[in-house]
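See structure below.
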Amino acid sequence: MNRVNTVQYILQQWHGNTVHPHVNKVIDQLKKCRTAGQGYHVYRCGHEGCGHYHYRYHSCRNRHCPQCGSFQKQQWIEDRTAELLPTPYFHVVFTIPHTLNSMILGNRRQLFKLLFDASAQTLLQLSKDEQYLGATPGILSVLHSWGQQLSFHPHVHCIVSGGGLLENGATAQWRPSVRKKGNFLFPLKALSKIFRAKFLQGMKKLAAIKRIDIKDQCDFEKLINALWREDWLVYAKKAFGGPQQVIHYLGSYTHKTAISNHRIKQVNKQEQTVSFSYKDYGDDSKQKVMTL
């Protein structure tokens, strides 16, 4: 790979300090990763007459670094795979409307938690219905906060077991899904409506107890009312190729940054632009190039 076409090189050449000390610390680690600035070990050949020295530069091990995270990612994938049950699994994605982006950016801790809570409660509520499952399923949720174009795009990926535990006194019994078709677990319209209701009701409760920052109460009420009229996007289907494939997909996001070096196609020093590849899901998942 061309040394110029890396996140590290771009940061080394053009990054300036920000007002956020944590961001500065992270980016400083990415810039120094596997360089003398990060420290190193020196190895010397003990063979008589050789005495060759070899320098091994330290990795930063930061989860945002494109050069690091492979070992941690593989360990995470193995741990999650070991937890899988001998049953079909379903892949469900809950997405927040873009009109809420600025609100979420200003209240990330509270609204990311609400995203996890609302999506999990939606799945659990439908799971209790006898016509779908009538039991409590296993759910693994992972937050993604960016899209392929590096834009802010908060959404939660969930892997849901196609069966669940039915408690009967002191004992628990496994109950498989009662759906006749195996390509989905719950109807999409129901998922979308329940998720929308739980998230918006949760936002109103947080605003009432002043847990989220609201600049104008009137504008906030208008926003909530407008969001009630929108169709919220929920993606749901059986895990293609099995749950292991989805876990591998999620693993690449839990331990790596939003963009990897192989996606960077060109760095123009004169114009100070970077061109990278991305998958356009709105255009039949076509591979395209964006320049920033």
Open item on the list: Just checking, does segment 197-220 include any residue being under 30 Å from residue 109 (Cβ atoms), surrounded by 15 or more Cβ atoms within 10 Å (Cβ to Cβ) and modelled with pLDDT under 90?
Closed with: yes
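Mind listing just one residue for me: the one in segment 206-224 that is touching a residue at least 60 places away in the same chain (Cβ under 8 Å) and among the aliphatic types (A, V, I, L, M) and, of those, nearest to residue 96 (Cα to Cα)? If you could, list the steps in order and put the result at the bottom.
Step one: of segment 206-224, the residues touching a residue at least 60 places away in the same chain (Cβ under 8 Å) are 206, 211-213, 223.
From what is left, the residues that are among the aliphatic types (A, V, I, L, M) are 206, 212, 223.
Details: 206: 17, 212: 17, 223: 14 Å.
So, considering only residues that are touching a residue at least 60 places away in the same chain (Cβ under 8 Å) and among the aliphatic types (A, V, I, L, M), the one nearest to residue 96 (Cα to Cα) is 223.
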- [ ] For residue 257, work out the one condition from (1) buried (at least 17 other Cβ atoms within 10 Å of the Cβ); (2) in a loop (DSSP other than H, G, I, E, B); (3) at pLDDT 90 or above it doesn't fulfil.
- [x] (3)
- [ ] Determine, yes or no, whether residue 288 is part of a strand (DSSP E or B) and touching a Phe, Trp or Tyr at 6+ places or on another chain (Cβ under 8 Å).
- [x] yes
Task: Index of the failed condition, residue 39 passing every other in (1) touching a Lys or Arg at 6+ places or on another chain (Cβ under 6 Å); (2) open to solvent by less than 50 Å² (accessible area, probe 1.4 Å); (3) over 30 Å from residue 291 (Cβ atoms) - done: (1)
Task: Pairs where the first residue, in segment 67-88, is within 30 Å of residue 175 (Cα to Cα) and open to solvent by less than 80 Å² (accessible area, probe 1.4 Å) and the second is modelled with pLDDT of 80 or more and not in a helix (DSSP H, G or I), C-beta under 6 Å, 6+ apart - done: 87/161; 87/162; 87/163; 88/162
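A quick yes/no check of all residues on (1) under 15 Å from the mean Cα position of the chain (by Cα); (2) β-branched (Val, Ile, Thr); (3) open to solvent by 20 Å² or more (accessible area, probe 1.4 Å):
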residue: 90; (1), (2), (3): no, no, no
residue: 102; (1), (2), (3): no, no, yes
residue: 116; (1), (2), (3): yes, no, yes
residue: 127; (1), (2), (3): no, no, no
residue: 131; (1), (2), (3): no, no, yes
Open item on the list: Exactly one condition in (1) in a strand (DSSP E or B); (2) modelled with pLDDT under 90; (3) surrounded by fewer than 17 Cβ atoms within 10 Å (Cβ to Cβ) is false for residue 149; which is it?
Closed with: (1)
Task: Subset of segment 148-168 (residues that are closer than 28 Å to residue 259 by Cβ and either among the acidic types (Asp, Glu) or free of Cβ contacts under 8 Å to residues at least 60 places away in the same chain (or both)) - done: 151, 152, 153, 154
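The values are calculated or read from the model by the stated rules, or taken from the named source; none is laboratory data. Every value quoted in this text rests on a predicted model; they were computed, and no experiment measured them. We place every Cβ from the backbone using ideal geometry, glycine too, and count neighbours over all the protein chains shown. The area values use the complete protein model at the heavy-atom level, side chains included, leaving out ligands, DNA and RNA. Shrake-Rupley method; radii C 1.70, N 1.55, O 1.52, S 1.80 Å.
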